[in-house]
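Peer 1: Just dropping this structure here.
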Amino acid sequence: MPTPLRPPIMIMREFTHPTHSASPIRPKKFRGPRVLTALLSTLATLALVHFLIVLHTNNSRASMPPTCANLIRTTDYTKYVQFDPSSQQVGAIQYVDQVLGGQPGALVQVMDAQHTLDVYVYGCIQQHTTPVLTVLFKQQSLMQGTVSVSKAGTLMLAERDTTLSQETTAVIQPMQQNLYQEYHWQNDTFSPLLFPGLYPVTSRSEAEGLQEQANNGDTLPWNDPQTTTQQMAKDILQWSPDKYQEKVLDNDGTTAHILLEQKQLAMAVTVTLTRIIQKDTKGLWFVTHAQTQGITLDAAQWPTLLTSPVVLHGTTQTHHGQVTATLFDHTITTMSSLNSAALSLSSDGSYTGNILYTGNKLAQQGLLLIEHIPANDGTEAGQLSLSGVLLS
């Protein structure tokens with residue numbers, strides 16, 4: 001039989017034109033105009049927001065009433081203080097309402113290349129309904145000066161004491177090399193303030209500095225009232241430890257009283273110590289009073305700031321013996337007197353005299369020691385009185 005014929009096998013191939021891809025190519029769209037439009041729109045929106053903020057701020061300022069507080073905080077003090085821009089600069093403004101009893105005030109400092117300092121305190125007064133800037137305090141040309149506000153809300157100034165000898169500078173602490181002034185706001189004016197501490201330092205600036213050292217971990221002898229009293233007896237009264245006995249009369253944690261009995265002079269001195277700067281258990285003790293019975297110092301008519309000569313008068317228990325007066329400077333060093341330290345003692349027990357000394361440019365807090373040594377074998381008691389004074 002003949003072989004049957006098979007139908008031809010047809011192979012189908014997909015034909016692709018060589019000049020075309022499988023997927024159609026879409027032309028890229030140019031987006032430049034749209035991006036630029038969006039950017040300009042954003043910038044316009046930001047400009048509008050900024051304009052509205054500035055307009056709101058200006059309207060708010062315009063609507064603020066003309067008060068002293070606004071004036072103090074918006075004043076450009078470089079237009080008011082005296083300074084030479086070529087050699088001086090105005091420091092950061094410090095607002096010191098707490099110094100002025102809550103009234104608005106500004107502390108302005110001007111420093112120069114010679115390390116001197118000018119200090120201004122500006123306040124404000126109302127003239128009818130208009131606030132007017134006024135200078136409440138000014139101190140200029142403080143050599144290596146500083147100014148600060150104490151924890152008690154007082155103004156404290158310091159200036160390097162250029163009168164100290166090299167021997168004194170070598171044995172005292174760096175902060176004792178300054179003259180310190182403290183001012184408080186009273187009866188609408190700044191007045192010099194006498195720091196209540198007599199020992200181991202005579203200014204609030206130094207006392208706060210010592211307290212800060214103690215809080216930072218330094219061990220100081222002034223954290224014990226008895227040790228502080230012993231050092232005071234050595235440095236001021238010139239008593240050696242074998243010449244007296246001490247006894248704690250009381251101590252409530254803030255104030256202590258210690259009795260020093262000097263047998264040779266028949267003196268019984270009551271020393272008062274107080275934690276002036278810090279009242280807790282870490283607070284340092286400062287001598288605030290030291291006196292025997294039977295002696296007085298009439299200082300009621302004294303001005304706050306004393307000048308040479310200092311006129312002295314007071315009373316003692318007896319008219320025998322000798323009364324002397326000694327001044328100590330801010331370093332608790334005996335000041336040189338231009339006259340005899342002996343005072344005149346009358347038959348009624350009253351004493352009179354004066355002390356001549358060389359003053360400093362700035363006031364300094366010092367000490368005045370009045371001693372009465374009877375002319376006998378110790379049967380009559382001696383007296384003494386230790387006071388703080390402001391000397392210029």
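Peer 1: Read through the list (1) surrounded by 14 or more Cβ atoms within 10 Å (Cβ to Cβ); (2) modelled with pLDDT of 95 or more; (3) closer than 26 Å to residue 329 by Cβ, then give the number of the only condition that residue 262 fails.
Peer 2: (2)
Peer 1: Hey, another quick one. Given (1) modelled with pLDDT under 90; (2) outside any loop (DSSP other than H, G, I, E, B), where does residue 320 come up short, assuming only one miss?
Peer 2: So the condition that residue 320 fails would be (2).
Peer 1: Now for a separate question. Out of all the residues in segment 340-374, which are in contact with a strand residue (DSSP E or B) (Cβ under 7 Å, 6 or more places away or on another chain), part of a loop (DSSP other than H, G, I, E, B) and surrounded by fewer than 17 Cβ atoms within 10 Å (Cβ to Cβ)?
Peer 2: Passing the criteria: 341, 359, 360.
Peer 1: Here's something else I'd like to know. Considering (1) at pLDDT 90 or above; (2) more than 10 Å from the chain's Cα centre (by Cα), say which one residue 168 fails and leave the rest.
Peer 2: Among (1) at pLDDT 90 or above; (2) more than 10 Å from the chain's Cα centre (by Cα), residue 168 violates only (1).
Peer 1: Take residues that are surrounded by 21 or more Cβ atoms within 10 Å (Cβ to Cβ) and tell me which of the helices (runs of 4 or more DSSP H) falling wholly in segment 155-235 contain 2 or more.
Peer 2: 204-215, 225-235
Peer 1: Filtering segment 375-384 down to residues that are at pLDDT 85 or above and not in a strand (DSSP E or B), which residue is most open to solvent (accessible area, probe 1.4 Å)?
Peer 2: 381
Peer 1: Right, something else. Picking from 308, 387, which residue would you name as being in a loop (DSSP other than H, G, I, E, B) and either charged (D, E, K, R) or within 31 Å of the chain's Cα centre (by Cα) (or both)?
Peer 2: Result: 308 is the single residue among 308, 387 that is in a loop (DSSP other than H, G, I, E, B) and either charged (D, E, K, R) or within 31 Å of the chain's Cα centre (by Cα) (or both).
Peer 1: Yes or no: residue 118 over 20 Å from residue 188 (Cβ atoms), open to solvent by less than 70 Å² (accessible area, probe 1.4 Å), acidic (Asp, Glu) and modelled with pLDDT under 95?
Peer 2: Against the criterion (over 20 Å from residue 188 (Cβ atoms), open to solvent by less than 70 Å² (accessible area, probe 1.4 Å), acidic (Asp, Glu) and modelled with pLDDT under 95), residue 118 does not qualify.
The values are calculated or read from the model by the stated rules, or taken from the named source; none is laboratory data. For clarity, every value in this text was computed on a predicted model and none was experimentally measured. Neighbour counts are summed over all protein chains in view; Cβ atoms, including those assigned to glycine, are modelled from backbone coordinates with ideal geometry. We work out accessible area using only protein heavy atoms, side chains counted, and drop any ligands, DNA or RNA first. Shrake-Rupley method; radii C 1.70, N 1.55, O 1.52, S 1.80 Å.
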